[in-house]
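S.K.: Please read through the structure below; I'll follow up with questions.
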Amino acid sequence: MLMRKVPGFVPASSWGLRLPQKFLFLLFLSGLITLCFGALFLLPNSSRLKRLFLAPRTQQPGMEAVAQVAGHSLAREPESPPNPAPAVPAPGKDDPSSQASPRSRKGWPRRTRLVELREEVAAAPPRPQEGSIQSSFDFNAFRSRLRHPVLGTGANKSKEPQSLVQTQREKIKEMMQFAWQSYKRYAMGKNELRPLTKDGYEGSMFGGLSGATVIDSLDTLYLMELKEEFQEAKAWVEESFHLNVSGEASLFEVNIRYIGGLLSAFYLTGEEVFRIKAIKLGEKLLPAFDTPTGIPKGVVNFKSNRGSNQSWGWAMAGSSSILAEFGSLHLEFLHLTELSGNQVFAEKVRNIRKVLKDLDKPFGLYPNFLSPVSGNWMQHHVSVGGLGDSFYEYLIKSWLMSAKTDMEAKDMYYEALEAIETHLLNVSPGGLTYIAEWRGGILDHKMGHLACFSGGMIALGADDAKEEKRAHYRELAAQITKTCHESYARSDTKLGPEAFWFNSGLEAMATQMSESYYILRPEVVESYMYLWRQTHNPIYREWGWDVVMALEKYCRTEAGFSGIQDVYSTVPSHDNKQQTFFLAETLKYLYLLFSEDDVLSLEDWVFNTEAHPLPVNHSHSSARGGG
Ligand code: DMJ
């Protein structure tokens, strides 16, 4: 249809608007757009708003790999500040950070959510850098409170006649260097070296974590001033030690080896990477404590974040938890709280202590198996060797680590020791003192190699016993250590068997092939070290040196050290395993046996059950300038 022009009439636009109206509308529209963009881009910290509107950016190529190397996933929220917040749950369905909060779910009017977001942005405290965990721990203050320089003053080194002891120390250092280099060459990053097959072994005990030998070696390398090797180990932890694993792990083993090793490495060096990885790994262990009693299960499943009572071959624990396992967390967990500010770690182990303290104990003894569900003892088997051992060790060391303020630990230790002495201690017809195992009142007249740490433990605790018991405990420690030495001296290789008996006319010897192996264990030289520091009786260095010679002769192979199947045969049959505790403990205790007393002084450090030094809490005393 033809439109005719009417004079004086301004035609309307196709929307039916006249020009001034159009102008006003456009003005309003452009104002609105400017406002929106201003809010979007110019308001402080507007990234959350941007995320609401803008399509998610594709990740920069390569970033995933970087995150993998750094050991954390880019998809995760930054670590929540742990002081004193509860532990960070692992990402996944239970991780609140990975879900929308109920208030942000669909259906909330948009304007309300925008206002809410603006308020959140304004109120949020600055987030810690991803991967960091804030700490109020003052490393320099800690170091200044130590009584002695960590590696000693070296004051007496020059007085040592050029010197047998120096040469002996150097020899042990060379053994460590050889053990490390062999591991590095054939098995770097694996859990253990297999020296015969010249390859690495992962096993399943650590739930997919790797590098147990690296972590267990850090402090020994540092102590021996093997600086290059220490840097290699540290670089591996920084670049390749990933915590994003999903297997089933032994709570105890991960704690004593990994957490203990990382904590020590931090306290020796102040390097943040060790502190952060110790805390993050500690958080991964927490699901094991989700039981009715709070007594943790023996195994933690890193994937499902649950505990389980599976055991690792040395014990048929059934549905029980094992005394030495749940009783050997106290030292490390207190340090995790100290270094993170997160009280949850300390609460877990204080609860274990409380459960144990409140329980009835048959004859004052602690059985090895406890139900984490009912809180009842499950079998009346008592041992200072495997299954029980480090529980007793951690009582006296908790007392010492608290700078002698943890009276509860002290009382529990001396009461337990009295009961052990009354019911388990024996002297053989040949005059050897030993600690038997107890099964509902019946004694097995045997000692495991593991029980040989007890000489050192009793020596360590002797000075804080009641006045009238001190000399007695010193003597008891010496006698038990002598018995353990006999188990070595009576073998053909001068290395001791896994277990030895006091019956059938035999004393301090294994009675069957299945107990005749030696897997590079430390407990006997550990006791030599404590007895040396207490008495300075040269016999302990002589005995220690015999062990060094025997290790060289029967356990050293072309590509590392190996355990042997039979200590009574001089033709060694190797087990093809260089255990991580050989580097963490056996070589460390041997080295300390030939060092001055102020090297890792017992006034400043307690050794966890994997020989990782943890500092005594001198925080209430004044600085001494020992760092
Ligand atoms: C180490 O892992 C620890 O010393 C633990 O307490 C018991 N056994 C081994 C070494 O024999």
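S.K.: In segment 479-501, what residues are under 30 Å from the mean Cα position of the chain (by Cα) and of a type in the set (A, V, I, L, M, F, W, C)?
M.R.: Matches in segment 479-501: 480, 484, 495, 499.
S.K.: Also: How many residues are among the charged types (D, E, K, R) and within 13 Å of the ligand (Cβ to nearest atom) when one looks only at segment 560-582?
M.R.: Selection size over segment 560-582: 1.
S.K.: Conditions first: (1) away from the ligand (no atom under 16 Å from the Cβ); (2) at negative phi; (3) at pLDDT 95 or above. Residue 384 passes all but one, so which condition is the exception?
M.R.: (1)
S.K.: Quick one: in segment 438-463, which of the residues that are assigned to a strand (DSSP E or B) and away from the ligand (no atom under 16 Å from the Cβ) is nearest to residue 526 (Cα to Cα)?
M.R.: 446
S.K.: May I ask you to list pairs of residues, at least six apart or on different chains, whose Cβ atoms are under 7 Å apart, with the first in segment 378-395 being assigned to a helix (DSSP H, G or I) and the second being near the ligand (Cβ under 10 Å from one of its atoms) and polar (S, T, N, Q)?
M.R.: 390/328; 390/609; 391/328; 393/609; 394/328
S.K.: If I ask for residues that are without any contact (Cβ under 8 Å) to a residue 60 or more places away in the chain, surrounded by fewer than 20 Cβ atoms within 10 Å (Cβ to Cβ) and either within 12 Å of the ligand (Cβ to nearest atom) or of a type in the set (A, V, I, L, M) (or both), which ones from segment 499-526 would you list?
M.R.: Listed by number, the residues that qualify are 506, 513.
S.K.: Still on this structure: Does at least one position in segment 408-424 carry a residue that is under 22 Å from the mean Cα position of the chain (by Cα), away from the ligand (no atom under 16 Å from the Cβ), modelled with pLDDT of 95 or more and buried (at least 18 other Cβ atoms within 10 Å of the Cβ)?
M.R.: Checked segment 408-424: at least one residue is under 22 Å from the mean Cα position of the chain (by Cα), away from the ligand (no atom under 16 Å from the Cβ), modelled with pLDDT of 95 or more and buried (at least 18 other Cβ atoms within 10 Å of the Cβ).
S.K.: So how many residues does segment 226-277 have that are assigned to a loop (DSSP other than H, G, I, E, B), touching a residue at least 60 places away in the same chain (Cβ under 8 Å) and of a type outside the set (Phe, Trp, Tyr)?
M.R.: The number of residues fulfilling the criteria is 4.
S.K.: Determine which member of the set 585, 610, 596 is of a type in the set (Asp, Glu), within 16 Å of the ligand (Cβ to nearest atom) and part of a loop (DSSP other than H, G, I, E, B).
M.R.: 610
S.K.: OK, next. Would you be able to tell me the number of residues in segment 396-432 that are at positive phi and in contact (Cβ under 8 Å) with a residue 24 or more places away in the chain?
M.R.: Here the count works out to 2.
S.K.: When you scan segment 544-561, do you find a residue that is assigned to a loop (DSSP other than H, G, I, E, B) and closer than 19 Å to residue 523 by Cα, even just one?
M.R.: Taking every residue of segment 544-561 in turn, none turns out to be assigned to a loop (DSSP other than H, G, I, E, B) and closer than 19 Å to residue 523 by Cα.
The values are calculated or read from the model by the stated rules, or taken from the named source; none is laboratory data. These numbers come from a predicted model, not from an experiment. FYI the Cβ positions are ideal-geometry reconstructions off the backbone, even for glycines, and counts take in every protein chain you see.
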